[in-house]
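Worksheet: one structure, shown below.
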Amino acid sequence: MLKMMGWDMDGTMCDTVPMCVEAFRRAMMPYWKKRLSDEEIFSLFGLSETGLVKMVVGEAWEKADEDFHRHYEALLEDGVALFPGILEIFQLLEQNGIRKVLITGKGRRSCDMTLRKLGLTEAFEEICVGTEERLNKGEHITTLLKKYHLQPEEFCYVGDAVSDVAACREAGVLSLSAAWAPGADTEGLRRVNPNHVLENVADLENQIQIMING
């Protein structure tokens with residue numbers, strides 16, 4: 001029986017990946033010798049934003065980190081929203097007593113900015129953020145299982161990245177791959193998680209209903 005659902009943020013709950021890429025590009029422009037494509041920037045993602053800035057800039061990272069967050073906040077102000085149907089799924093989970101937790105690679109500062117803009121600051125039982133040093137979603141999931149005395153089959157995670165599938169396998173839990181955002185790596189997700197790729201939010205709702213009703 002499902003008792004807790006973990007959620008990714010960027011590309012899963014809301015279409016903020018382009019904002020992250022653009023803010024990173026603007027902040028890093030003084031430090032790069034050439035303009036990087038969206039794909040080249042996205043390939044760097046995985047650590048928190050501050051971790052990425054430190055990797056690119058080095059010792060003089062503080063100003064670049066501040067610039068990233070300033071640009072990201074400005075882009076959020078231009079408009080960000082949950083994908084249609086996500087709020088209804090949150091309500092479905094609450095009605096069935098299923099805890100919601102956020103497990104994101106974002107750093108705390110950009111995560112809090114985004115939750116405030118979405119009106120979701122109080123929406124999650126736990127908020128687990130990324131680190132500057134390494135991918136840590138699998139560690140977060142394992143910690144949550146222990147804290148809430150859950151069996152692996154009582155937890156699942158919804159995320160849009162191939163690395164999310166690996167994190168779930170590390171923790172021994174079900175990974176549901178969100179492939180509804182523009183630019184989602186649908187083929188990559190199908191290769192690593194072929195039976196659990198969901199191409200629209202309605203498919204996720206149907207999957208949850210099956211898990212609830214058996």
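The values are calculated or read from the model by the stated rules, or taken from the named source; none is laboratory data. Computed from a prediction, not measured in an experiment: that's the story for all the values here. Glycine also receives a Cβ, built like all others from the backbone with ideal geometry; neighbour counts cover every protein chain displayed. SASA here: full protein model, heavy atoms, side chains in, ligands and nucleic acids out. Shrake-Rupley method; radii C 1.70, N 1.55, O 1.52, S 1.80 Å.
Annotations for the structure displayed:
- Here region 139-159 is the region considered, the condition is being under 15 Å from the mean Cα position of the chain (by Cα) and either modelled with pLDDT under 95 or of a type in the set (A, V, I, L, M, F, W, C) (or both), and the residue that is farthest from D15 (Cα to Cα) is I141.
- Yes/no for G79 being assigned to a loop (DSSP other than H, G, I, E, B), small (G, A, S) and buried (at least 17 other Cβ atoms within 10 Å of the Cβ): no
- For region 34-50, the criterion of a residue being outside any helix (DSSP H, G or I), open to solvent by less than 50 Å² (accessible area, probe 1.4 Å) and over 27 Å from V101 (Cα atoms) is satisfied by at least one position.
- Within region 201-214, residues that are modelled with pLDDT of 95 or more reach partners that are open to solvent by less than 60 Å² (accessible area, probe 1.4 Å) with beta carbons closer than 6 Å, at six or more positions or on different chains, in the pairs V201/F83; V201/G85; V201/W180; L204/L198; E205/I89.
- Within region 165-188, the set of residues being among the aliphatic types (A, V, I, L, M) and under 15 Å from the mean Cα position of the chain (by Cα) comprises V165, A166, A167, L176, A178, A179, A181, A184.
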